[in-house]
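Below is one structure, written out as structure tokens, with a few remarks after it.
The values are calculated or read from the model by the stated rules, or taken from the named source; none is laboratory data. In this text, all values refer to a predicted model and were calculated from it rather than measured experimentally. All Cβ positions, glycine included, derive from the backbone under ideal geometry; neighbour counts span all protein chains shown. SASA here: full protein model, heavy atoms, side chains in, ligands and nucleic acids out. Shrake-Rupley method; radii C 1.70, N 1.55, O 1.52, S 1.80 Å.
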Amino acid sequence: MQLKLRFLLVLLGFSLMANSQEVELSPKAQISIITCGPGQELYSTFGHSAFRLQDPVLGIDVVYNYGTFNFNTPNFYMKFAQGKLLYSLSRQKFEDFLWTYEMENRWVQEQLLNLDPTETKALFEFLENNYKPENRDYKYDFFYDNCSSKIRDVLNAVYGDRISYYDGHLIQRYTFRQLIHQSLTTNSWSAFGIDLALGSVIDKKASPNEHMFLPIYVMDQMANTDLNQEPLVKRERSIMEFESLDPYTYFLLTPFFWVLALLVLVVVITYIDFKNNSRSRWLDFFLSFSTGIAGLLIVFLWFFTDHSATAGNLNILWAFPLNIVACFYLVRTKPLALWMQKYFVLITVLLLLTPLVWLTGIQVFSPLIAPILAALAVRYFFLLHWSKRNIKK
């Protein structure tokens, strides 16, 4: 009989949730913030944040998750690349939400909020209103509008000036790039790609408020936040504990191995070319084509997308987009035109500017590009030398 009664209460709770205007939470209802540890895939590297609502009287235990997107969205990959992909607020049973993290061996922490029934109701109604089909979608921004920053934004919207954040727990303030790298392995393709795609705008110091684009900083901040001059967090507990292990990667599969191999290859072939007064056309084509493609990608992300973090990307100094045109002249067997000698001077000067930009801190580059810069420098200086002897004026 008690089992049947409990089952009916659960059904009642979820049926009421279908129409939030009719739900009257019990005095035992409580809301908490869930923080989840990092996963192995790139999209889960930085962890996750969500709200949890529990009402034992109505049998409700659900998660409000702002980190949901639909793979079936028309032109999904193009919208993702352009920064136009819409994310959504979803609502699901807590046990279903937790199952994913259990399967991925990711830790889960809970911070129970110190709210009275009126404050709980206000937050619940805000989330339910946000969950309506006409309100649930938003344009995702990794730094300024994501699943973690939404925790802060929702609390601000509901409680306004009654909520106060204290930043004494932040021993040091980091740049956006430094914050990203706290969750990445430097010698990884993901870190290399992120540093190539993101621009100088992320090399500024993030404010304490801006640190909360990462879930771990949201969790730390909530423990240092007051509501009505009382601690916002009533208590914390660990729901699941797993040790975060750094994934082992064979050195032969790392980007450092491949850029180092590239440097050795370029030095050896250039030395042979120098001794024989020859030019390996396919090497020049490969270097010019690959840096040109990278440059075009940088231009696309900088000027033709809504991504806020890809602006001012000075990787374009060495990944020069016009190389995509020059590569087809470099691969020809015909003698090179005089303008190519001037072009060699241009790309060499741009290449030499790259370490200056790095040293001055205007933009911090991936240390993995150091062998690439060295390889390009060796080849460009060779081309300058070769052109003086072989290009007729």
ASP145 surrounded by 16 or more Cβ atoms within 10 Å (Cβ to Cβ), within 23 Å of the chain's Cα centre (by Cα) and in contact (Cβ under 8 Å) with a residue 24 or more places away in the chain: no
Among (1) modelled with pLDDT under 95; (2) touching a strand residue (DSSP E or B) at 6+ places or on another chain (Cβ under 7 Å); (3) of a type in the set (Gly, Ala, Ser), the one test that GLY39 misses: (2)
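Could we say that SER200 is crowded, with 21+ Cβ neighbours inside 10 Å and closer than 21 Å to ASP306 by Cα here?
On the way: crowded, with 21+ Cβ neighbours inside 10 Å: no; closer than 21 Å to ASP306 by Cα: yes.
No.
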Yes/no for ILE293 being within 29 Å of LEU85 (Cα to Cα) and without any contact (Cβ under 8 Å) to a residue 60 or more places away in the chain: yes
Candidate set: the stretch 156-166, residues that are outside any helix (DSSP H, G or I) and closer than 21 Å to ASP145 by Cβ; chosen: the one most open to solvent (accessible area, probe 1.4 Å): TYR165
Residues within the stretch 105-135 that are at pLDDT below 95 and either of a type in the set (Lys, Arg) or touching a helix residue (DSSP H, G or I) at 6+ places or on another chain (Cβ under 7 Å) (or both), tallied: 1
Pairs where the first residue, in the stretch 45-56, is over 11 Å from VAL108 (Cβ atoms) and the second is among the charged types (D, E, K, R) and part of a loop (DSSP other than H, G, I, E, B), C-beta under 9 Å, 6+ apart: GLN54/LYS28; ASP55/LYS28; PRO56/LYS28
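Does ILE347 satisfy being open to solvent by 20 Å² or more (accessible area, probe 1.4 Å) and β-branched (Val, Ile, Thr)?
Judged against the criteria, ILE347 is not a match.
Yes/no matrix, rows are residues, columns are (1) buried (at least 18 other Cβ atoms within 10 Å of the Cβ); (2) under 28 Å from TYR166 (Cα atoms):
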| site | (1), (2) |
| --- | --- |
| LEU227 | yes, yes |
| SER238 | no, yes |
| GLU241 | no, yes |
| PHE257 | no, no |
| LEU262 | yes, no |
| ILE272 | no, no |
| TRP282 | no, no |
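Just checking, which of THR333, THR305 is assigned to a loop (DSSP other than H, G, I, E, B), farther than 30 Å from PHE213 by Cα and not basic (Lys, Arg)? Lay out the reasoning, then the answer.
Working: THR305 fails: farther than 30 Å from PHE213 by Cα.
Going through THR333, THR305 in turn, the sole match is THR333.
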